[in-house]
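In what follows, a structure is listed as structure tokens, so that the remarks can point back to it.
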Amino acid sequence: MNGMNLTADAARLPLMLTELRLPAIKRLWQRFAEQSNREGWTAERYLATLLEQEMHEREARRLARARAASRLPAGKTLDAFDFTAVPMLSKAHIRALAESDEWIEQGENLLAFGPPGVGKTHLVAAIGHALIDRGRRVLFARTGDLVQRLQAARRELKLPAELARLERFDLVILDDLSYVRRDQAESSVLFELIAERYERKSLAVTANAPFSAWEEVFPDKAMTVAAVDRLVHHATILEMNVESWRRRAAVPARRHSSEEESQ
Ligand code: ADP
Ligand code: MG
């Protein structure tokens with residue numbers, strides 16, 4: 001190979017790498033080529049080094065896309081969650097949920113109950129983030145927003161397509177389910193979502209109100225019972241009956257167990 005050909009090959013590379021969508025290699029091939037020539041790498045090592053970089057960056061982009069598509073609140077991670085504030089929760093149990101694929105593969109559910117401000121949304125979002133880190137697809141939605149979207153889809157006769165879109169997610173988080181009100185006759189879309197995913201795909205639900213108050217959410221009592229039945233059949237239930245984290249943070253002077261944390 002003479003110098004002319006080398007230059008001609010080098011000149012064609014950027015275009016080919018663009019065409020093949022290999023941005024990492026396009027950015028790095030020259031730098032590694034110099035190192036490779038200097039250190040006498042084999043062609044195999046040079047190629048493997050470049051491909052490894054491309055795969056690495058591709059995975060990072062995929063994770064970033066999945067996290068953006070999840071709509072999960074940023075920063076609500078397990079590392080940022082103070083378990084001492086919710087002594088009835090087992091940290092080991094929550095870690096197991098975040099690190100295991102079994103419940104997701106079985107389509108089991110996760111239900112978090114408690115008054116406002118106790119960290120229900122934070123905790124469920126944290127488990128969602130951990131699942132995304134391990135390559136799962138997660139969708140976080142305020143239940144009211146999702147119900148509205150499903151109702152609009154039903155009016156346009158596109159409910160099956162909208163439900164199919166949700167199929168792509170291993171876990172759908174229905175945040176604040178008990179805030180939904182059956183203001184329209186169509187609110188059984190929420191029941192349809194629950195029935196559709198039952199025993200196949202996981203749901204996580206947060207709610208301020210216990211099941212008994214859910215009759216306000218579904219069109220009638222029978223449907224409420226049927227929905228609750230399906231949600232709890234294979235589910236982990238987290239009861240978080242503690243004082244609001246926000247209130248604790250706002251008025252430390254009234255905190256009962258101030259010996260736990262230094263000011
Ligand atoms: P809920 O969904 O139960 O109303 P949130 O999860 O929205 O409560 O929590 C309210 C705020 O307090 C959020 O900013 C959340 O990150 C924070 N928070 C609640 N509990 C904890 C906790 N145990 N450790 C760290 N931050 C917490
Ligand atoms: Mg919440």
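The values are calculated or read from the model by the stated rules, or taken from the named source; none is laboratory data. This one's a predicted model, so the numbers in the text were calculated from it and none came from an experiment. Note that we place each Cβ from the backbone using ideal geometry, even for glycine, and neighbour counts take in every protein chain shown. Calculation scope for accessible area: heavy atoms of the full protein, side chains included, ligands and nucleic acids excluded. Shrake-Rupley method; radii C 1.70, N 1.55, O 1.52, S 1.80 Å.
Figures for the structure shown
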quantity	calculated
Paramagnetic reach from Arg67 in segment 128-156 [backbone N under 16 Å; point 7 Å along Cα→Cβ]	128-140
Long-range amide H partners of Val118 with built H, under 5 Å	Trp245
Peptides 122-130, 166-174 ordered by average Cβ neighbours within 10 Å, highest first	122-130, 166-174
Accessible solvent surface per residue of the chain, calculated while the other protein chains remain in place, 1.4 angstrom probe, Å²	57
Sites Leu157 and Glu192 - FRET efficiency at Förster radius 22 Å, r taken between beta-carbons, to 0.05	0.95
Accessible-area composition of the chain, carbon plus sulfur, in percent [1.4 Å probe]	54
Column: log10 I(q)/I(0), Debye, Cα scatterers of segment 84-177, q = 0.16, 0.18, 0.25 Å⁻¹	-0.74, -0.90, -1.36
Whole-number percent relative contact order across the chain, with pairs defined as alpha carbons under 8 Å at least 6 apart	23
Burial order of peptide ranges 106-117, 41-52 (average beta-carbon count within 10 Å, highest first)	106-117, 41-52
Residue of Glu199, Glu39, Glu243 that the Gaussian network model of the chain assigns the largest fluctuation, springs spanning Cα pairs under 10 Å	Glu39
Principal axis dimensions, largest first and in whole angstrom, of segment 83-243 by Cα	46, 34, 24
Simple spin-label estimate for Asp101 and Ala222 in nanometres, 7 Å along Cα-Cβ	4.1
DSSP bridge pairs, the chain: antiparallel proportion in percent, nearest 5	0
